[in-house]
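The next block holds one structure in the form of structure tokens; read it before the comments.
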Amino acid sequence: MKYRSTRGQVSGISFKDAVMMGLADDGGLLLPERIPTFSNDELHELAALPYAELAFRVISRFTDDIPAVDLKDLLNRSYAAFDHDQVTPVVSQDNVHILELFHGPTLAFKDVALQFLGNLFEYLLKERNQHMNIIGATSGDTGSAAIYGVRGKQNINIFILHPKGRVSPIQEMQMTTVTDSNVFNLAVEGTFDDAQSIVKEIFGDLEYKEKHSLGAVNSINWARVLAQVVYYFYACFQVQKETGCEEVEFSVPTGNFGDIFAGYVALRMGVPIRRLILATNANNILSRFVTRGDYSAAEVNHSLSPSMDIQVASNFERYLFYLYGEDSSRINSAMEMFRQTGRLEFSAEEIAKVQQTFAASSVDDAETLKTIETFYQQTGYLLDPHTAVGVEVGRRVRDESCPLICLATAHPAKFGDAVKQAIGLDPELPPAFQGIDKLEKRLQVLPAEIDQIKSYIDQHAL
Ligand SMILES: *Cc1c(COP(=O)(O)O)cnc(C)c1O
């Protein structure tokens, strides 16, 4: 399988090169030249497989340049790091099916992709006799998942900037108690936006980027999307077995369009998904797009589901490419239009096409808290605030005639403050994290100044 960019200036590159490139060199996003499909007979056979084997069968359709034994080994190691033997189990509560994506080492769904990406990076760097220095800024979830993805890996150092004192205590501890020698936590004296803009500026310095072989782990890497496609297969099979229904709907809390785009790929591959339900918090650009074709950026609102506080969805361009009939010139003019005006416009025909595949709605913080509370009262099951957004939107717009699968993107203990606001109780930490507050921490406090950050990286880069 070869890969090409949505913007049309990069094409014919291998899977391995697509993974190493991350963002396409022309500024676009990489996609496979075609989306492979499974027949009904093949799907039937896949339904019997355990998670890691299913992952191999799905992912290997997109990779022809990694030997099967190696890919199997990478996937087995990635999913052995999860604390549940089904990796992403489905539990049924009150007429919805909750797909628990938080059994990885940092209790959020980003582990599903970043455990695999960490192993894949290590494999490719070794093969190419190269090294990489990963740099990223985090408001919490991505940074911890990335650190756990590459801790202890050869030929990789990772530098994660977080705003000092402004990430949740559990997220801070998850990052700073990782004391492997290749992990560098930089607590920046500033806001998340300060940290993020420093990272952007560092990547913009091409000479510096080259000198240190800088790498990124943000959600535009194709390997991340690909790893997430697998659980749509897995969950659909579980729910088909449980309910006897053929088709399912998924409700996906999203900000970057990453997770839900993986669902779109699964649908195109043959998973019987009636509709994908897109759920947003008050940052609702994506749900406005689906419900009325209004894709216009607004100010970022800080919400109780902070991992979805996003206004410019980095993976949206991938879907747009298909909506525009795989026409790169239309993508280029749309992106230019968005850059100039902060909005995109769609024809009635296009909106109708979007609504054949997607439904959407958004919920605010008060509704999020109410959902956590009532769901807990009715079932005894605790939702994290991101998952609650998906559950509430899913219930509002679902098609009652088919089962609804809601993606649970984080463990409630990871966002304990919001949960406490909702039900007055602190959620219990899973056993692996009890006592985390007593572990040794390693971090470096630095001012929010690019020169000081760069000089720290100069001293500690591979
Ligand atoms: C990152 C994240 C999301 C949103 O994921 P997208 O890539 O924007 O779809 C949702 N919930 C949690 C807990 C997250 O960490």
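The values are calculated or read from the model by the stated rules, or taken from the named source; none is laboratory data. Only a predicted model underlies this, so the values are computations on that prediction, with no experimental measurement involved. Backbone-built Cβ (ideal geometry, glycine too); neighbour counts: all protein chains shown.
Across the range 405-426, the qualifying residues are those that are part of a loop (DSSP other than H, G, I, E, B) and surrounded by 18 or more Cβ atoms within 10 Å (Cβ to Cβ), and the one among them that is farthest from the ligand (Cβ to nearest atom) is His411. Selection of the range 119-146 for residues being more than 13 Å from the ligand (Cβ to nearest atom), free of Cβ contacts under 8 Å to residues at least 40 places away in the same chain and under 21 Å from the mean Cα position of the chain (by Cα) yields only Glu122.
Only a single item in (1) touching a Lys or Arg at 6+ places or on another chain (Cβ under 6 Å); (2) within 16 Å of the ligand (Cβ to nearest atom); (3) among the hydrophobic types (A, V, I, L, M, F, W, C) is not met by Cys402, and it is number (2).
Looking only at the range 164-183, decide whether some residue is polar (S, T, N, Q), closer than 20 Å to Leu23 by Cα and away from the ligand (no atom under 16 Å from the Cβ). Even if it seems obvious, please write down each step before you answer.
Start the filter on the range 164-183 by keeping residues that are polar (S, T, N, Q), which leaves 168, 171, 174, 176-177, 179, 181-182.
Applying the additional criterion that residues be closer than 20 Å to Leu23 by Cα yields none.
Checked the range 164-183: no residue is polar (S, T, N, Q), closer than 20 Å to Leu23 by Cα and away from the ligand (no atom under 16 Å from the Cβ).
Apart from one condition, Thr280 fits all of (1) within 21 Å of Gln340 (Cα to Cα); (2) surrounded by 24 or more Cβ atoms within 10 Å (Cβ to Cβ); (3) among the hydroxyl-bearing types (Ser, Thr, Tyr); the exception is (1).
Hey, does the range 16-34 have a residue that's assigned to a helix (DSSP H, G or I), within 16 Å of the ligand (Cβ to nearest atom) and of a type in the set (A, V, I, L, M)? Working first, answer last.
Pass one, the range 16-34, residues assigned to a helix (DSSP H, G or I): 16-21.
Then keep just the ones that are within 16 Å of the ligand (Cβ to nearest atom); that gives none.
No, the conditions are met nowhere in the range 16-34.
Residue pairs whose Cβ atoms lie under 8 Å apart, separated by 6 or more positions or on different chains, with the first residue in the range 380-396 and touching a residue at least 12 places away in the same chain (Cβ under 8 Å) and under 16 Å from Gly416 (Cβ atoms) and the second within 11 Å of the ligand (Cβ to nearest atom) and among the aliphatic types (A, V, I, L, M), are Leu383/Ala408; Asp384/Ala408; Asp384/Ala410; His386/Met308; His386/Ala410; Thr387/Leu407; Thr387/Ala408; Thr387/Ala410. Residues that are among the hydrophobic types (A, V, I, L, M, F, W, C) and under 20 Å from Glu100 (Cα atoms) number at least 2 in the following helices (runs of 4 or more DSSP H) confined to the range 210-312: 222-243, 258-269.
Here is a yes/no grid of residues against (1) within 16 Å of the ligand (Cβ to nearest atom); (2) touching a strand residue (DSSP E or B) at 6+ places or on another chain (Cβ under 8 Å):
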| site | (1), (2) |
| --- | --- |
| Gly263 | yes, yes |
| Gly270 | no, no |
| Leu286 | yes, yes |
| Gly293 | no, no |
| Ser314 | yes, no |
| Arg318 | yes, yes |
| Ile331 | no, no |
| Ala352 | no, no |
| Lys370 | no, no |
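Go through (1) touching a strand residue (DSSP E or B) at 6+ places or on another chain (Cβ under 9 Å); (2) surrounded by fewer than 23 Cβ atoms within 10 Å (Cβ to Cβ) for Ile135 and report which single condition fails. Among (1) touching a strand residue (DSSP E or B) at 6+ places or on another chain (Cβ under 9 Å); (2) surrounded by fewer than 23 Cβ atoms within 10 Å (Cβ to Cβ), Ile135 violates only (2). Evaluation of Phe233 against the conditions (1) more than 16 Å from the ligand (Cβ to nearest atom); (2) surrounded by 20 or more Cβ atoms within 10 Å (Cβ to Cβ); (3) under 29 Å from Asn157 (Cα atoms) shows that the sole unmet condition is (3).
The condition of being without any contact (Cβ under 8 Å) to a residue 24 or more places away in the chain and surrounded by 12 or more Cβ atoms within 10 Å (Cβ to Cβ) holds for only one of Thr341, Thr374, Thr368, that being Thr374. Yes or no: the range 220-232 includes at least one residue that is more than 21 Å from the chain's Cα centre (by Cα), under 20 Å from Val58 (Cα atoms) and touching a residue at least 40 places away in the same chain (Cβ under 8 Å). For the range 220-232, residues more than 21 Å from the chain's Cα centre (by Cα), under 20 Å from Val58 (Cα atoms) and touching a residue at least 40 places away in the same chain (Cβ under 8 Å): absent. Taking every residue in the range 242-258 that is farther than 12 Å from Ser287 by Cβ and within 16 Å of the ligand (Cβ to nearest atom) and pairing it with any residue that is among the hydroxyl-bearing types (Ser, Thr, Tyr) and modelled with pLDDT under 95, at least 6 positions away or on another chain, the pairs with Cβ-Cβ distances below 6 Å are Asn256/Ser219; Asn256/Ser314; Gly258/Ser219.
Results for (1) buried (at least 18 other Cβ atoms within 10 Å of the Cβ); (2) small (Gly, Ala, Ser), shown as yes or no for each residue.
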{"residue": "Ser78", "(1), (2)": "yes, yes"}
{"residue": "Val90", "(1), (2)": "yes, no"}
{"residue": "Asp94", "(1), (2)": "no, no"}
{"residue": "Ala113", "(1), (2)": "yes, yes"}
{"residue": "Arg151", "(1), (2)": "no, no"}
